[in-house]
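What follows is a structure written as structure tokens; I'll ask about it next.
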Amino acid sequence: YHAINEEDVERIMRYPYTMIASDGGIMAMGKDVPHPRNYGTFARVLGLYVRERGVLTLEDAVRKMTSLPANRMGLQDRGLIREGMRADLALFDPATVADKATFLEPHQYAVGVTHVWVNGIPVLADGKMTGKLPGRVLYGPAHKP
């Protein structure tokens, strides 16, 4: 079941305040039949909509994935590379990054990403998971525990 056509996706993606994110859950990794977005949302945007279709520039796609949502959520220490910020970084090859997950075969990792750091700790190094889990739930400034 698909509720939106590609022309609408591209039009909405071009809007300056559209942020790129996923509602895919980590619990589905390796289990059941999840939506392919669980494995490849960001790689899909970078590979298909940036490199192949030219819907967004690489810089704008990265902004829509990083500083735009961090700013919108009031996360002052994330979303940009600068001194004093949290080191959440992904190193990818713009020429090869791509999603591989499909509806028929959803459990396929994206390609073209070689390193990922979360809170400055490598979680993916040379394309291999390190076993480290330094991530945590982030709450915006309006959160009341």
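Hey, can you find the accessible area per residue of the range 5-80 for me, probe 1.4 Å, expressed in square angstrom?
Values: 4660 Å² over 76 residues.
I get 61 Å² per residue for this part.
I want to check a number: in the chain, how many lysine pairs have alpha carbons closer than 25 Å, given a sequence separation of 8 or more or different chains? Please list the in-between numbers first.
Values: K31/K100; K31/K128; K31/K132; K64/K100; K100/K128; K100/K132.
Lysine pair count for the chain: 6.
Filter the chymotrypsin sites (Phe, Trp or Tyr not before Pro) in the range 72-137 down to the DSSP loop ones having no more than 14 other Cβ atoms within 10 Å, then list what survives. Walk me through the intermediate numbers first.
Working: sites: F92, F103, Y109, W117; in loops: F103, Y109.
Sites meeting the loop and neighbour criteria: F103.
For the chain, what is the calculated [θ] at 222 nm in deg cm²/dmol (nearest 500), taking -39500 (n - 2.57) for each run of four or more DSSP H residues and dividing by its residue count? Before the final figure, lay out the partial values.
On the way: 4 runs with 31 residues, N = 145.
Taking each H run of at least 4 residues, the total per residue is -5500 deg cm²/dmol.
For the chain, what is the charge dipole size about the Cα centre, in debye to the nearest 20, if Lys and Arg each add +1 at the Cβ and Asp and Glu each add -1 at the Cβ?
Values: 18 positive and 16 negative charges, 96 e Å.
The dipole of the chain has a size of about 460 debye.
Moving on to the next point. Would you indicate which of [x] 33, 14, 13; [y] 23, 20, 17; [z] 20, 20, 11 is the value of semi-axes √(5λ) of the Cα gyration tensor in Å derived from the coordinates of this structure?
[y]
Apply the a/c threshold of 1.5 to the C-alpha gyration tensor of the range 104-145 and tell me whether it is rounded, prolate or oblate. Mind dumping the intermediate values first?
Working: a/c = 3.03, a/b = 1.63, b/c = 1.86.
Because a/c hits 1.5 or more and a/b fails to exceed b/c, the range 104-145 counts as oblate.
H35 accessible area, nearest 10 Å², 1.4 Å probe?
H35 has an accessible surface of roughly 70 Å² with all protein chains in place.
Run through every distinct alpha carbon pair of the range 16-102 and return the Kirkwood hydrodynamic radius in angstroms, one decimal place.
Working: mean 1/r = 0.0708 Å⁻¹.
Computed over Cα pairs of the range 16-102, the Kirkwood hydrodynamic radius comes out at 14.1 Å.
Hey, another quick one. Quick one: which residues, 5+ away or cross-chain, put their amide H under 5 Å from the amide H of V123? H built at 1.01 Å from N.
V116, W117, V118
Find, among the chymotrypsin sites (Phe, Trp or Tyr not before Pro) in the range 1-75, those assigned to loop by DSSP (not H, G, I, E, B) with at most 10 other beta-carbon atoms within 10 angstrom. Before the final figure, lay out each step's value.
Details: sites: Y1, Y17, Y39, F42, Y49; in loops: Y1, Y17.
Qualifying residues, ordered by number: Y1, Y17.
Leaving out ligands, DNA and RNA, and with a 1.4 Å probe, what % of the accessible surface on the range 1-96 is carbon or sulfur?
Details: 3640 of 6560 Å².
Roughly 56 percent of what the probe reaches on the range 1-96 is carbon or sulfur.
Filter the trypsin sites (Lys or Arg not before Pro) in the range 59-123 down to the DSSP loop ones having no more than 12 other Cβ atoms within 10 Å, then list what survives.
Numbers: sites: R63, K64, R72, R78, R82, R86, K100; in loops: R78, R82, R86, K100.
Of the trypsin sites (Lys or Arg not before Pro), the ones in loops of the range 59-123 whose Cβ has at most 12 other Cβ atoms within 10 Å are R82.
The values are calculated or read from the model by the stated rules, or taken from the named source; none is laboratory data. Owing to the predicted nature of the structure, the values given are computational and were not obtained by experimental measurement. Backbone-built Cβ (ideal geometry, glycine too); neighbour counts: all protein chains shown. The area values use the complete protein model at the heavy-atom level, side chains included, leaving out ligands, DNA and RNA. Shrake-Rupley method; radii C 1.70, N 1.55, O 1.52, S 1.80 Å.
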